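Peer 1: Have a look at the structure that comes next, please.
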Amino acid sequence: MLIKKPSDIKPSEITDQKHYKDRRKFIQAGLGLTGAAMVPGLWLPPAVQAAREKLAGVQKSQYSTKEKTTDYEDVTTYNNFYEFGTDKSDPAKYAHTLKTSPWTLTIEGEVAKPGKFHLEDIIKQSVLEERIYRFRCVEAWSMVIPWVGISLADIIKRFEPTSRAKFVEFTTLYDPKQMPGQKRRVLSWPYVEALRIDEAMNPLAIMAVGLYGEVLPNQSGAPMRLIVPWKYGFKNIKSIVKIRFTEKMPKTTWAAAGPREYGFYANVNPLVNHPRWSQARERVIGSGSIFTRRKKTIIYNGYGEQVAGLYSGMNLRKYF
Ligand code: MTE
């Protein structure tokens, strides 16, 4: 990420979770919010409130972890979505400018059935599942998030990839009017990510359309974003408008921005450090201050049983 090196960060810039929450309560009180709005955790910025709509017919999944989930407030106010700014709090403040309906998904490349599809139709034809997954950011923090999603393999099969389809590329919306962060050249826009097709077909990979049983808030990547829980967070591309099937490995945004720092595979691996920091441990968001509760990171973010076979025989230091 384009984050400052630890040595560049002044202690005064670090806000631990407790102070951050206390400050929010202080702001609430200052705004004179009462009743429901005063219940801790219920006061949320406008972008979060706007999207709160329950999703019907959500099934439980065998792939869910039983670990304690991160609070809704933390999940939806501590985000990386550079299209709305590079600060963790920017997406919740500014993503309300994104118009998520109607939404068209374009399918291109090595498939028998390319075309433009309404997201609503895709959702109607799909099974919605709650998948409670661990989420590990390359910046060494983590959360546990109850996504609502659709199996990516189920979506992909509908378009009938050809035998030449070796990779699946995903592209975020490009529209600087709706996504003002795209006016700044912090990354090369639009944001692009990709998977090998066998990774994309793994049962753990989903297209998330919700979290906590509700429609995905804009700052979390509405209306549809990728979730591949064994990989670092940056693979989990948000607000997807295009899926392209290719024979050659696509150029992806972070791997192009910093090839030594962000690999194509981006599998969570405590043995392969980022050149500027260790990946051995992670800060669990929402559990005390930044100095407490650093837990050990597990290879493939703990999903080795389901995904290690995808990488057998590969040198994970070279293909990081
Ligand atoms: N997708 C887009 N389009 N733009 C982004 O800036 N950030 C990535 C990923 N997907 C990003 C994105 C990074 S670095 C992370 S860690 C996750 O989204 C963060 O997801 P979250 O905000 O839901 O926690």
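The values are calculated or read from the model by the stated rules, or taken from the named source; none is laboratory data. Everything numeric in this text was worked out from a predicted model, so none of it was measured. Positions of Cβ are generated from backbone atoms using ideal geometry, with glycine treated the same way; all protein chains shown enter the neighbour counts.
Peer 1: Can you find a residue that is within 17 Å of P217 (Cα to Cα), out of contact with any Leu (no Cβ under 9 Å at 6 or more places or on another chain) and crowded, with 20+ Cβ neighbours inside 10 Å anywhere in the stretch 99-107? Please lay out each step first, then the result.
Peer 2: Going residue by residue through the stretch 99-107, those that are within 17 Å of P217 (Cα to Cα) are 99-103.
After this cut, where a residue has to be out of contact with any Leu (no Cβ under 9 Å at 6 or more places or on another chain) as well, the list is 99.
Then drop every residue that is not crowded, with 20+ Cβ neighbours inside 10 Å, which leaves none.
So far as the stretch 99-107 goes, no, none of its residues is within 17 Å of P217 (Cα to Cα), out of contact with any Leu (no Cβ under 9 Å at 6 or more places or on another chain) and crowded, with 20+ Cβ neighbours inside 10 Å.
Peer 1: While we're looking at this one, here's another question. Restricting attention to the stretch 151-164, which residues are under 15 Å from the mean Cα position of the chain (by Cα) and either surrounded by fewer than 20 Cβ atoms within 10 Å (Cβ to Cβ) or farther than 27 Å from T246 by Cβ (or both)?
Peer 2: So in the stretch 151-164, the residues under 15 Å from the mean Cα position of the chain (by Cα) come out as 152.
Matches in the stretch 151-164: none.
Peer 1: Return yes when D121 is more than 23 Å from N301 (Cα to Cα), within 16 Å of the ligand (Cβ to nearest atom), of a type outside the set (S, T, N, Q) and without any contact (Cβ under 8 Å) to a residue 12 or more places away in the chain and no when it is not. Please lay out each step first, then the result.
Peer 2: Working: more than 23 Å from N301 (Cα to Cα): yes; within 16 Å of the ligand (Cβ to nearest atom): no; of a type outside the set (S, T, N, Q): yes; without any contact (Cβ under 8 Å) to a residue 12 or more places away in the chain: yes.
In short, no.
Peer 1: Shifting gears a bit: Being within 17 Å of the chain's Cα centre (by Cα) and touching a residue at least 40 places away in the same chain (Cβ under 8 Å): is that true of M201 here?
Peer 2: no
Peer 1: Out of K166, K113, I need the residue that is without any contact (Cβ under 8 Å) to a residue 60 or more places away in the chain and either closer than 18 Å to K238 by Cα or away from the ligand (no atom under 13 Å from the Cβ) (or both). Which one?
Peer 2: Numbers: K166 fails: without any contact (Cβ under 8 Å) to a residue 60 or more places away in the chain.
Only one candidate qualifies: K113.
Peer 1: Restricting attention to the stretch 125-143, and to residues there that are under 12 Å from the mean Cα position of the chain (by Cα) and part of a strand (DSSP E or B), which single residue is farthest from E67 (Cα to Cα)?
Peer 2: Keep residues of the stretch 125-143 that are under 12 Å from the mean Cα position of the chain (by Cα), which gives 133-138, 142-143.
Of the ones still in play, those that are also part of a strand (DSSP E or B) are 133-136, 142-143.
Values: Y133: 9, R134: 8, F135: 12, R136: 14, S142: 12, M143: 10 Å.
Restricting to residues being under 12 Å from the mean Cα position of the chain (by Cα) and part of a strand (DSSP E or B), the top hit is R136.
Peer 1: Return the only residue of K251, K242 being surrounded by fewer than 23 Cβ atoms within 10 Å (Cβ to Cβ), under 23 Å from T97 (Cα atoms), of a type in the set (D, E, K, R) and in contact (Cβ under 8 Å) with a residue 12 or more places away in the chain. Outline the logic, then answer.
Peer 2: Values: K251 fails: under 23 Å from T97 (Cα atoms).
Unique residue meeting the criteria: K242.
Peer 1: With the requirement that a residue be within 24 Å of Y78 (Cβ to Cβ) and of a type in the set (G, A, S), what does the stretch 88-112 give you?
Peer 2: Once the filter is applied, which keeps residues that are within 24 Å of Y78 (Cβ to Cβ) and of a type in the set (G, A, S), the stretch 88-112 yields S89, A92, A95.
Peer 1: Can you tell me which residues in the stretch 209-226 are closer than 26 Å to L310 by Cβ and more than 9 Å from the ligand (Cβ to nearest atom)?
Peer 2: Across the stretch 209-226, the qualifying residues are V209, M224.
Peer 1: I want to confirm something. Restricting to the stretch 286-319 and keeping residues that are part of a loop (DSSP other than H, G, I, E, B) and modelled with pLDDT under 95, which single residue is nearest to the chain's Cα centre (by Cα)?
Peer 2: In the first step, residues of the stretch 286-319 are kept if they are part of a loop (DSSP other than H, G, I, E, B); the result is 286-293, 297-298, 303, 312-319.
Retained after the next criterion (residues that are modelled with pLDDT under 95): 286-293.
Numbers: G286: 17, S287: 20, G288: 23, S289: 23, I290: 21, F291: 24, T292: 24, R293: 22 Å.
Taking the candidates together, the pick is G286.
Peer 1: Among the numbered conditions (1) part of a strand (DSSP E or B); (2) away from the ligand (no atom under 12 Å from the Cβ), tell me where W147 comes up short.
Peer 2: Result: W147 fails condition (2) only.
Peer 1: To continue, here is another question. In the stretch 137-154, what residues are without any contact (Cβ under 8 Å) to a residue 60 or more places away in the chain and among the aliphatic types (A, V, I, L, M)? Steps first, answer last, please.
Peer 2: Kept after step one, since they are without any contact (Cβ under 8 Å) to a residue 60 or more places away in the chain, are these residues of the stretch 137-154: 150-151, 153-154.
Within the stretch 137-154, I150, A153 qualify.
Peer 1: Then there is this: Within the stretch 252-270, count every residue that is more than 14 Å from the ligand (Cβ to nearest atom) and polar (S, T, N, Q).
Peer 2: Going through the stretch 252-270 one residue at a time, the tally reaches 2.
Peer 1: Hey, can you tell me all the residues within the stretch 51-90 that are within 9 Å of the ligand (Cβ to nearest atom) and not in a helix (DSSP H, G or I)? It would help to see each step written out before you state the result.
Peer 2: Of the residues in the stretch 51-90, the ones within 9 Å of the ligand (Cβ to nearest atom) are 75-76, 78-84, 86, 88.
Listed by number, the residues that qualify are Y78, N79, N80, F81, T86, K88.
Peer 1: How about the stretch 116-171: which of its residues are among the hydrophobic types (A, V, I, L, M, F, W, C), out of contact with any Ser or Thr (no Cβ under 8 Å at 6 or more places or on another chain) and over 16 Å from I206 (Cβ atoms)?
Peer 2: Correct list: C137, V138, W141, F159.
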